Amino acid sequence: MGRVSIPDIHEKYKNSEPVTMLTAYDAPIARQVDEGGVDMILVGDSAGDNHLGYDDTVPVTLDEALSNTAAVDRAVEDAMVIGDMPFLSYGTSLEESVKNAGRFMKEAGADAVKLETAPYGKTTIEIVSRLTELGMPVVGHIGLTPQRMNQIGGGYVQGRGDGSSATVEALVETAEELEDAGAFSIILEAVTEETGKQVTEAVDVPTIGIGAGRCVNGQVLVITDVLGLSDESYTLSKQYADLNSVIQGAVESYVDDVQSEVFPSSKNVFDAIDEDQ
Ligand code: KIV
């Protein structure tokens, strides 16, 4: 049947069916996420603080992002796989941006790439336009753009227009420019519900929200938050499992078993005559 395609996503959009997206950073989790039935898997640069042990997304390297994307690609059958271009893997020049986006598709098996765009971000709009002209599907990302966190400073929710927060108008116009540049979908992160609504009404491509309220065309969450594998909880997210406790319990049971010599048992040992093992 093949993976979810852009026409499949647009069909859902036309039929007002919400689009689903989750992040994944490695093969075992990607396999589960895929089997769970999401439309799209984002190999996010949120790997920085959710997979690689960094404090945020800024240190994530292109090689790390490509390696994560390739691992996810190898595990996924049905969902569309989107490679997230990390900080400064695009934007230094058009040529470098095109080459690096191409590596996500040619080397890592991504079906599309995502890149963040600042309000009125001319540089990235031009890059999106070039990538889509060359046949690389692009998901835009506006609102809170964590790669710009050092510049944004304390401002978290975007669309309020109060100092460090972009205005609704700026976000609507940027979304329109991304659509004109060929982005087939736009992620809206941490914006007021009114911003989510206005952007969604302004463009003819599906908007996918994370903390963008209820008036968007789909939702994305970070998998570690969903599974209860992170230490923090966020207003914009929802935890559906408590894997921290499950894993902790399993490790403690293993330690107990080894220390009390319950494991390995006779079931776990090889003897000389059984040729099958
Ligand atoms: O990297 C990521 O996980 C993202 C989502 C939060 C949209 O960009």
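Seen from all sides and averaged, what is the projected area of the convex hull of the Cα atoms in the chain, in nm²?
Mean orientational projected area (the chain, Cα hull): 17.9 nm².
Classify region 44-183 as rounded, prolate or oblate, taking a ≥ b ≥ c as the square roots of the eigenvalues of its Cα gyration tensor: rounded when a/c is under 1.5, otherwise prolate if a/b is larger than b/c and oblate if not.
oblate
Using the average count of surrounding beta-carbon atoms within 10 Å as a protection proxy, the listed peptides 57-70, 77-90 rank, highest first, as 77-90, 57-70.
Taking the helices alone, the chain has a mean residue ellipticity at 222 nm of -12000 deg cm²/dmol, built from -39,500 (n - 2.57) per DSSP H run of at least 4 residues and averaged over all its residues.
Extent of region 149-277 along its three principal axes (Cα atoms, max minus min coordinate, largest first): 74, 33, 27 Å.
Here the translational diffusion coefficient of region 1-117 follows from Stokes-Einstein with Rh set to the Kirkwood radius across Cα pairs; for 37 °C and 0.692 mPa s it amounts to 228 µm²/s. For region 224-277, treating each Cα as an identical point scatterer without solvent, what Debye log10 I(q)/I(0) comes out at q = 0.15, 0.17, 0.27 1/Å? Log10 of I(q)/I(0), two decimals: -0.63, -0.68, -0.97. Build a GNM of the chain with springs between Cα atoms under 10 Å apart, and of ASP73, ASP256, ASP180 the one that fluctuates most is ASP256.
Here is the size of region 206-254 from its Cα atoms: Rg then Dmax, 14.1, 47 Å.
Where a number appears in this text, it was derived from the coordinates with a stated rule and is not lab data. Note that the structure is a prediction, hence the values are computed from the model and not measured. Here Cβ is always computed from backbone atoms with ideal geometry, including for glycine, and neighbour counts include all displayed protein chains.
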